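J.: Sharing a structure below in C-alpha cells format, with a few things to ask.
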Amino acid sequence: MQAAIAEAHAASADGEVPVGAVVLLDGEIIARGNNRVIRDSDPTAHAEIVAMRAAAQHLRNYRLSGCTLVVTLEPCSMCAGAILHARVARLIYAAADPKAGACGSVLEVMNHPKLNHRVEVTAGLLAEDCSTMLQQFFRARR
C-alpha cells in the first residue's frame, strides 16, 4: 500500500485527485499508476486503469490472472468492471468511497452474483491515511 500511496502523492503534486495504484504478481510490483484524467484529458485515466494497462503491457496479456491490484481508494464502477474483465485475482483498497465506490459503498459491481469472475477483496488497509490525504487535497482546492 505504501507504493500506491506514493503514486497518490505523485498525482496530487500534478494537480490530480490523489489516488494511486500498483499491480503485484508473485509479490513483486509489475506496474504503477496514478490518476491522470486532467493531464491526459482522459476520463478513463483513473489510477487503477493506468496501472492495469501498464501491467497488461508488461505481461503482454490483457488477462491479469494471478495479479493483485492495490489502490488507495475504493474503485468506481468503471474500474471495478475493468478489474473483473482483466480477471484480477485480488483487490486491496484503503479508503471507502461513499460517493462512487463500486465494491459495496454505493454499488456492488465487484463480485456481483450474476458475473462469472470473483475477486478476493480486502478493504481498509491504511484507510485513515488515505482518507486524510484525500480530505486535505479537497480542502486545499476549496
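The values are calculated or read from the model by the stated rules, or taken from the named source; none is laboratory data. Because the structure is a prediction, the values reported are computed rather than measured. Neighbour counts are summed over all protein chains in view; Cβ atoms, including those assigned to glycine, are modelled from backbone coordinates with ideal geometry. Heavy atoms of the whole protein, side chains included, go into the accessibility calculation; ligands, DNA and RNA do not. Shrake-Rupley method; radii C 1.70, N 1.55, O 1.52, S 1.80 Å.
J.: Enter the angle in degrees (range 0 to 90, nearest 10) between the Cα long axis of helix 2-13 and the first principal axis of the Cα atoms of the chain, meaning the one along which they spread out most.
T.: Taking Cα atoms only, the helix is inclined about 50 degrees.
J.: So, one more: State in Å² the accessible area per residue of the chain; use a 1.4 Å probe, count heavy atoms of protein chains only, and round to the nearest integer.
T.: Heavy-atom SASA per residue in the chain reads 52 Å².
J.: May I pose another question? How are the C-alpha pair distances of the chain spread across 10 Å bins, as whole percents from the shortest bin up?
T.: 13, 47, 34, 6, 0
J.: Another question, if that's okay. At a threshold of 8 angstrom on Cα-Cα distance, excluding pairs fewer than six apart, so keeping six or more, what relative contact order does the chain reach in percent?
T.: The value is 19 percent.
J.: With just the Cα atoms defining each centre, how far is the stretch 4-18 from the stretch 49-83? Give it in Å.
T.: After rounding, the separation between the Cα centres reads 18 Å.
J.: Amide H to amide H under 5 Å from residue 89: which residues, 5+ apart in sequence or cross-chain, H placed 1.01 Å off N in plane?
T.: 66, 67
J.: Also, quick follow-up: With angles folded into 0 to 90 degrees, how steeply does helix 77-86 sit against the dominant principal axis of the chain? Use alpha carbons for both and round to 10.
T.: 30 degrees
J.: Between the DSSP loop rule and a limit of at most 16 other Cβ atoms within 10 Å, which trypsin sites (Lys or Arg not before Pro) in the stretch 1-80 are left?
T.: Hits after loop and neighbour filter: 60, 63.
J.: Expressed as an acute angle from 0 to 90° and rounded to the nearest 10, what is the orientation of the C-alpha long axis of helix 127-141 relative to the principal long axis of the chain?
T.: Roughly 50 degrees, rounded to the nearest 10.
J.: Applying a 10 Å radius around every beta-carbon, put 13-25, 130-142 in order of their mean neighbour count, most first.
T.: In descending order of packing, they fall as 13-25, 130-142.
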